[in-house]
Structures are given as structure tokens and as C-alpha cells.
Amino acid sequence: MIPYGRQSIQQQDIDAVVDVLNSDFLTQGPKVPEFEHNIAELVQVKHACAVNSATSALHIACLALGVGSGDLVWTSPISFVASANCALYCGADVDFVDIDLDTGNMSIAALEKKLINAERNGRLPKVVIPVHFSGQSCDMAAIHQLAQTYGFKIIEDASHGIGGQYLGKPIGCGQYSDLCVFSFHPVKIITTAEGGMVTTNDDKLAKQLTLYRSHGVTRDPALLTKASEGPWYYQQLALGYNYRMTELQAALGCSQLRQLKDLVAKRQQLTKSYDLAFADMPEVKTLTVNAHCQSACHLYVIQVAADKRLALFEHLRNCGIGVNLHYIPIYQQPYYQRLAYEFEACMNAEAYYQSAISIPLFAQLTAQEQQFIISSIREFLCN
Ligand SMILES: *Cc1c(COP(=O)(O)O)cnc(C)c1O
């Protein structure tokens, strides 16, 4: 089976991990700060805080912004459940903003309309979490503008986005947001097996992230509530977690990061080949990338007529092509349906869900495999 996504591991990655195993520190050593430094430099941001997953990253990002009971967080329904769960972890309520059908990203028109209504009803969101679907940045300048008007904070869920650009700057630079989250799960652009990162330009938020990542405990003299009682002294200032990334993961991350440019270039090249092939198949609709965006090309999604989707999906699986679906609208999940409040249907998200299929896209997908995938789709739709 050709998977829809998979990691790309070279000898240099293996050597980097083995080096850590032979070193003094398996955790809390020099590799995590090195990985953080390298990410910060790459995405042109002041602070980067490594954690054990993007899910943890989203959780501490919400905590750092003070999300709690009675607060409201909005995100996209077409995302992994973690984009919404982070609000629930904090005791906040969550709601969803419909997507734009051409990009799969949060619709600015839908966001603005929902904000106008929310202001009228006296319940504006504290935080909005736009998801950079498939690796293309949302229209962050527009969302930032709305944040100024309506007074909410922004966490970018850039789990798909490392290596992508928006308005000529790297995703994660924080020009239009408070915090940005990356994932290093093996299907993403680069991997640390499990792992995530939060980036920010805000010194205070950076300190909060570090605190929540590690039990809420600190030795930072600037944060202590009274003078140190001796060299052993530390204080717990908040209820934090153990969300730390290991040295093994960080070493793998540093090694992967050196290959990021090539990995993204390969994904972009494969995306171009798909675009070209589907351009003369009117049965297939593909996502568009806006002029001011450079997508990291995490996913390749095709949309077909709703009444053909299931059969095409099954046909491709039967051909040994590991197609997938990103994503089921989060509010349709049984857990979300059981929450005490009811979600308004997002019509574009539902239409998208009826028609979408993610086809394989990863750096080591061969041209031959790609041609087989394209011809399998053509054969089914044009017969
Ligand atoms: C993968 C993913 C996550 C969760 O990432 P983990 O590192 O697996 O916790 C969150 N949001 C989106 C959009 C994702 O694709």
C-alpha cells in the first residue's frame, strides 16, 4: 500500500539519534535548546518552545493566553480534533468558523459575520485558532485586522505548515499572531516521531510556555515570588504538565530541519505534477493556493462529486493506494455532539467533507507511483 504520507529518514538522522544515546543527556540536555534556536532562526521569530506534540503545544498556548472556564475559543471544523480539544482541556467552550471551499482554510467572510453576531450577543471569542490547511497559510493579515477590532488573541495551528511562507515571510514568524504551533508527527513535513513547537515574539508568553511545559516549576529569579532559599530552590507557580521533548527527538528534529528545504521542494514539485494532471480532468477539483502564499504542501486533496466519492475512495484503496480523508467536521464527532451546547452547521465544511479525498503526498513518493495514482483516478472517473 502506498501510504498517504510518510516520514523521510536518512542515515544522518539515525546517526544524530544514536549520538544522543551515547551522550550524557537523554532529556533536559543541550539538544532541545539547539532545536528551538534553529526553528526560531528559520521562521524568524524571537522564541521557540519545544514540546512532546502539537497537541501539547496547543494546550500550553491556550494556557499561556489565560484561556479558562467561561472563555470561548473558535477554530476551523476541517482540522484534526486537537485544534479544538485544547480549548476544552482549559475548561473553555469551543465553536467553529466555516471554511473557504477553494483553500480549505478558515473563511474570512464567515469569521467576520460570526464576529458581528457574537458582538451583538455579547459573547466574543477570547482566542481564534486558524488552521493552515494542507500547508497554506490562512489570510493572517485579515484575521489580525479582525483581532484588533474585536479584541481576540490568535494561535496559528501550523501543524501542516513548517517551510511554508505568507507575504514573503516564513509561517511561524508571528507577525500577525500571538503564538504559532507546529507538529512533527511522522506524516508532517519534518518529524521528531512525536513532537511539537510553539513560537512567539512575546517575552511574557514565552516564559508562560516554558512554565506550563514543565510542571509549572521554575528557577528563574525573575519569576520567583520571594528570594531564593538556596541553590536547590525552585517554585511551582502554576499547574503545569510534563510536556517536555526528549533529547533524542530534538536531535532528530535538528537533523530533519537541515533537510527541510529539500523536503518541501520535493513536495511542491509533486504537487505541481498533480495539479498539471488534474487540470484536464474536469471531474476533479483541487485546492487553490493564493498568490501571496507558498504552501508547505503537507496534503494533496482532490474533490469529486459527492455521489462518486465513496466508490472512488474504495477503488483507490483496492489499487493499493492509501488514500485518506482530512477531515470529518470536528463538531460531528460523537464527543462534540454530546457537549451541552449545539453547534451550528458549517455548510462549506459539510460540502467539503462529502467530496474530499487526500491522495498520497510525501517527499519519497516516486514519479512512477505518482503516475500510477493519477492513472488510477483517471481510469475510474473517465470510464
Ligand atoms: C497533526 C495535527 C495536530 C496534532 O499534532 P500532534 O503532534 O500529533 O499532536 C494538530 N492540528 C493539526 C491541524 C494537525 O494536522
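The values are calculated or read from the model by the stated rules, or taken from the named source; none is laboratory data. Given the structure is predicted, the values throughout are model-derived calculations rather than measurements. Note that we place each Cβ from the backbone using ideal geometry, even for glycine, and neighbour counts take in every protein chain shown. With ligands, DNA and RNA removed, areas are computed over all heavy atoms of the protein, side chains included. Shrake-Rupley method; radii C 1.70, N 1.55, O 1.52, S 1.80 Å.
Looking at the chain, what % of its DSSP beta bridges pair antiparallel, to the nearest 5?
Numbers: 24 of 38 bridges.
So the antiparallel bridges in the chain amount to around 65 percent.
Can you give the translational diffusion coefficient of region 176-283 in µm²/s, computed by Stokes-Einstein from the Kirkwood radius over Cα pairs at 20 °C and 1.002 mPa s?
Calculated translational D: 124 µm²/s.
For region 39-160, count all C-alpha to C-alpha pairs, find those more than 20 Å apart, and express that count as a whole percent of the total. Write out the running numbers ahead of the final one.
Details: 3006 of 7381 pairs.
Summing the P(r) of region 39-160 above 20 Å gives 41 percent of all pairs.
Provide, as a two-decimal number, the C-alpha radius of gyration of region 16-84 over 2.2 N^0.38 Å, N being how many residues it has. Display every interim value, and only then the final one.
Details: Rg = 16.0 Å, N = 69, 2.2 N^0.38 = 11.0 Å.
My calculation over the Cα atoms of region 16-84 gives 1.45.
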Q.
Using a 1.4 angstrom probe on the protein heavy atoms only, could you order Tyr274, Tyr150, Tyr341, Tyr89 from most to least accessible area?
A. Tyr89, Tyr341, Tyr150, Tyr274
Q: Provide the solvent-accessible area of Glu194, counting protein heavy atoms only and rolling a 1.4 Å probe, rounded to the nearest 10 Å².
A: 100 Å²
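Once you compute Rg and the Kirkwood Rh from C-alpha atoms, what is the Rg to Rh ratio for region 88-176?
Details: Rg = 13.1 Å, Rh = 13.6 Å.
Checking Rg against Rh, the ratio lands at 0.96.
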**Q.** Equivalent ellipsoid semi-axes, the chain, via Cα gyration tensor eigenvalues times 5, rooted, Å
**A.** 35, 27, 17
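Enter the mean projected area of the convex hull around the alpha-carbon atoms of region 245-383, in nm², rounded to one decimal. Mind showing how you got there, number by number?
Working: hull surface 47.9 nm².
Quarter of the Cα hull surface area: 12.0 nm².
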Q: Give the Rg (one decimal place) followed by the Dmax (whole number) of region 206-246, computed from C-alpha coordinates and expressed in Å.
A: 10.4, 31
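Summarise the long-distance tail of P(r) for region 246-295 by giving the % of C-alpha pairs beyond 18 Å. Mind dumping the intermediate values first?
Details: 644 of 1225 pairs.
Here the long-distance tail beyond 18 Å is 53 percent of all Cα pairs in region 246-295.
With a cap of 15 neighbouring Cβ atoms within 10 Å, and only residues DSSP puts in a loop, list the trypsin sites (Lys or Arg not before Pro) found in region 44-152. Mind dumping the intermediate values first?
Details: sites: Lys46, Lys113, Lys114, Arg120, Arg123, Lys126; in loops: Lys46, Arg123, Lys126.
Those that pass, being in a loop and sparsely packed, are Lys46, Arg123.
Rounded to the nearest 5, what % of the DSSP beta bridges within region 50-173 are antiparallel ones? Could the numbers behind the result be given before it?
On the way: 3 of 13 bridges.
Counting DSSP beta bridges with both partners in region 50-173, the antiparallel share is about 25 percent.
List the GluC sites (Glu not before Pro) in region 210-285 that DSSP assigns to loop (not H, G, I, E or B) and whose Cβ has at most 11 other Cβ atoms within 10 Å. Which are they?
On the way: sites: Glu229, Glu247, Glu283; in loops: Glu229, Glu283.
Loop-located and lightly packed - Glu229.
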Q. Which is farthest toward the positive dipole end of the chain among Val32, Leu223, Gly240, measuring Cα position about the Cα centre, with Cβ charges +1 (Lys, Arg) and -1 (Asp, Glu)?
A. Leu223
**Q.** Rg in Å to one decimal, and Dmax rounded to a whole Å, for region 56-125 via C-alpha atoms
**A.** 12.5, 35
Q: Quick one: P(r) of region 74-229 from all Cα-Cα pairs, 5 Å bins, percents rounded to integers, in order of increasing distance.
A: 2, 8, 17, 20, 20, 14, 9, 5, 3, 1, 0, 0
Q) Spin-label point model (7 Å from Cα, Cβ direction): what's the Asp262 to Ala238 distance in nm? A) 3.9 nm
Q: Could you please state how large a percent of the accessible area of the chain is carbon and sulfur, counting protein chains only and using a 1.4 Å probe?
A: 51 percent
Q: Once you've got the GNM for the chain with C-alpha springs shorter than 10 Å, pick whichever of Gln370, Gln268, Gln11 has the biggest mean-square fluctuation.
A: Gln11
Q) If you wrap a convex hull around the C-alpha atoms of region 302-383 and split its volume per residue, what is the figure in Å³? A) 114 Å³
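Counting only heavy atoms of the protein chains, get the accessible area per residue of the chain (1.4 Å probe) and round it to a whole Å² value.
Numbers: 16920 Å² over 383 residues.
Per-residue accessible area for the chain comes out at 44 Å².
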